[in-house]
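Peer 1: There's a structure below that I have some questions on.
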Amino acid sequence: MRPHLLYTAWSFPPSRAGGVYRALATVNAFAADGWDVTVLTVPREIFESSTGVDDSLEQQVAPGVRVLRVDPRSTAHISDLHRWSRFRARNIELWRGVDRLRDLRHFPELTYGRWKPRLEKAAAQVHTSHPVDLAIGTANPNVDFTSGAYLSHRFGVPYVMDYRDAWGLDVFSGEALGTWIPGRARVERRLLGGAAEVWFVNEPIRAWHAQTFAGAERMHVVANGYDEYEVPLASPVRAERDGGLRFGYIGTMSDQVPVAPLVQAWRLARERGTVTRSSQLVIHGYVGHYGTGVAADALAGAESEGVVFRGPVSKSRIGEVYAGFDALVLALGTGRYVTSGKVYEYLATGIPIVSVHDPGNAATGVVRDAPGWVGTRSLDPSDIADALSETAATAAAQTPAERAEAQRWGAQYARHAQLTPRIASLRRLVEGRQ
């Protein structure tokens, strides 16, 4: 008999938010292992009006996966002013205070807390029609965990908590989060106490939780890894390097990403002549979620310096974009707990990587032994320029054999390699209960 997984994720195709790729890959991996899978997520209209959509991702969902879209009745994602109440439009601060209470009365998480009762109701309906053997919730938001906990409490279904970042830990600053929200720590402790397994994206985040909460033996690292889509990630050495190198960045450039020092360093390296004037820094992705902020300001007017912004790229065809690069820029926000999913994708390509992030980031531990990797000493533009220059020399000289060796090294971070042992363990768990 096929086991049945109930998977809860706010960000699921066609969402383009960062967490969607982990959710999509996890669902597909369970389906490939012979599980029936039901997904609880939100209506696509929420993504269309907030973080944006990538329609191609819906085509990547495994056949047979059932997707149920549960309206959270969240008002924070209503950007159309015509849909605002008169009270909200005329008394925005007072309205916001009242609206926060609507969330907190259900669950200690702003914006998303009111989804909890609707998730629980949907989970019960799914279980009634097709008994659930395992539930997984992936955060954030952390309300995603509640459907599994509800099924566990009411029907004895084991559940897994998959933290994409952390709930009570700021992965950038290392400081506690949400301490002012009543009941937040107590609820998290209770959820963790009942989980069959708890997943984290890297060892530093897992270690922090193991030191803070009980149940370290149930806590596992499930790194993001990389996924293969229509076009392979492994890229050949580009034949046209002599006409100028192409450095590439793919991802969302949030205000935490050191875009300004990167652009300054790029200019400096060109002035020094260690990066040729014919070379380009090509950026694909989104500038923040709304196209504004520090990153947008830093990119303004930089095209004359060889910095080219080309916007988002379809995930399913991303291999074609990588094939046009000679070096990759891993630019990340500062934080000892920060890795980012793109690091694994970068490694799969075999293209030389320059790390433009604090050396103390958790990402350094992932890439430091990769063939062709160069890290900056600091985020000072001069140090970044040195790293860009060293990477330019490496990229210009990389042979096809060296590229192939780098690809073999990066293959250890395929997503299936991260998920397979956990799925096997959970299958044993549910089969032992039958």
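Peer 1: Show me 207-213, 61-67 ranked by packing, highest mean number of other Cβ atoms within 10 Å first.
Peer 2: Working: 207-213: 16.3, 61-67: 13.4.
The most tightly packed comes first, giving 207-213, 61-67.
Peer 1: Restricting to the chain, what percent of DSSP beta bridges are antiparallel, rounded to 5? Mind showing how you got there, number by number?
Peer 2: Working: 2 of 45 bridges.
Antiparallel: roughly 5 percent of the beta bridges in the chain.
Peer 1: Then there's this: Please compute the length gained on full extension between R428 and S378, using 0.36 nm multiplied by the number of residues separating them and subtracting their Cα-Cα distance.
Peer 2: On the way: separation 50, 0.36 × 50 = 18.00 nm, distance 4.63 nm.
My answer for the length gained is 13.4 nm.
Peer 1: In degrees from 0 to 90, rounded to the nearest 10, what is the angle of the helix 400-410 Cα long axis to the longest principal axis of the chain?
Peer 2: Rounded to the nearest ten degrees, it is 20.
Peer 1: In percent, how large is the relative contact order of the stretch 241-413, given Cα pairs closer than 8 Å and 6 or more residues apart?
Peer 2: On the way: 342 pairs, mean separation 44.5, N = 173.
Computed value for the stretch 241-413: 26 percent relative contact order.
Peer 1: Oh, and also: Under 16 Å between alpha carbons, and skipping anything fewer than 8 positions from K342 in its own chain: which lysines qualify?
Peer 2: Excluding near neighbours in sequence, the set is K315.
Peer 1: Could you compute how fast the stretch 241-413 diffuses translationally, taking Rh as the Kirkwood radius over C-alpha pairs and applying Stokes-Einstein at 20 °C with viscosity 1.002 mPa s? Give it in µm² per second.
Peer 2: Details: Rh = 15.8 Å.
Stokes-Einstein gives a translational diffusion coefficient of 135 µm²/s.
Peer 1: Angle, helix 203-212 long axis vs. longest principal axis of the chain, Cα atoms, 0 to 90°, nearest 10?
Peer 2: 40 degrees
Peer 1: Something else about it: I want to check the label-to-label distance for R277 and R2. Put each point 7 Å from Cα in the C-beta direction and report it in nm to one decimal.
Peer 2: 6.2 nm
Peer 1: In addition: Given +1 on the Cβ of Lys and Arg, -1 on the Cβ of Asp and Glu, and no further charges, what dipole in debye does the stretch 13-61 carry about its Cα centre, rounded to the nearest 20?
Peer 2: 160 debye
Peer 1: So, one more: Sort 353-363, 402-412 by packing, meaning the average of other beta carbons within 10 Å per residue, with the highest value first. Walk me through the intermediate numbers first.
Peer 2: Numbers: 353-363: 22.8, 402-412: 17.2.
Per-residue Cβ counts within 10 Å, averaged per peptide and sorted highest first, yield 353-363, 402-412.
Peer 1: So what is the calculated 222 nm ellipticity per residue for the chain, using -39500 (n - 2.57) for each DSSP H run with n of 4 or more, over all residues, to the nearest 500 deg cm²/dmol? Spell out each step's value before the answer.
Peer 2: Details: 16 runs with 169 residues, N = 434.
Per the formula, -11500 deg cm²/dmol.
Peer 1: How high is the relative contact order of the chain, in percent, counting Cα pairs under 8 Å that sit 6 or more residues apart? List each step's numbers first, then the result.
Peer 2: Working: 846 pairs, mean separation 57.6, N = 434.
Relative contact order here is 13 percent.
Peer 1: Something else now. Distance in nm between label sites at Q412 and L110, each 7 Å beyond Cα in the beta-carbon direction?
Peer 2: Rounded to a tenth, the inter-label distance reads 4.2 nm.
Peer 1: When ranked by the protection proxy of mean other Cβ atoms within 10 Å per residue, highest first, what sequence do the peptides 242-252, 22-32 form?
Peer 2: Working: 242-252: 19.4, 22-32: 21.8.
Sorting 242-252, 22-32 by mean packing, highest first, produces 22-32, 242-252.
Peer 1: About its Cα centre, how strong a charge dipole does the stretch 241-413 have in debye, to the nearest 20, once Lys and Arg get +1 and Asp and Glu get -1 at the Cβ?
Peer 2: Details: 15 positive and 17 negative charges, 62 e Å.
Computed about the Cα centre, the dipole is about 300 debye.
Computed from the coordinates by the stated procedures, all read-outs in this text should not be read as laboratory data. Worth saying up front: this structure is predicted, and the values here are computed from it rather than measured. When we count neighbours, we look across all protein chains shown, and the Cβ atoms used for this are built from the backbone with ideal geometry, even at glycine.
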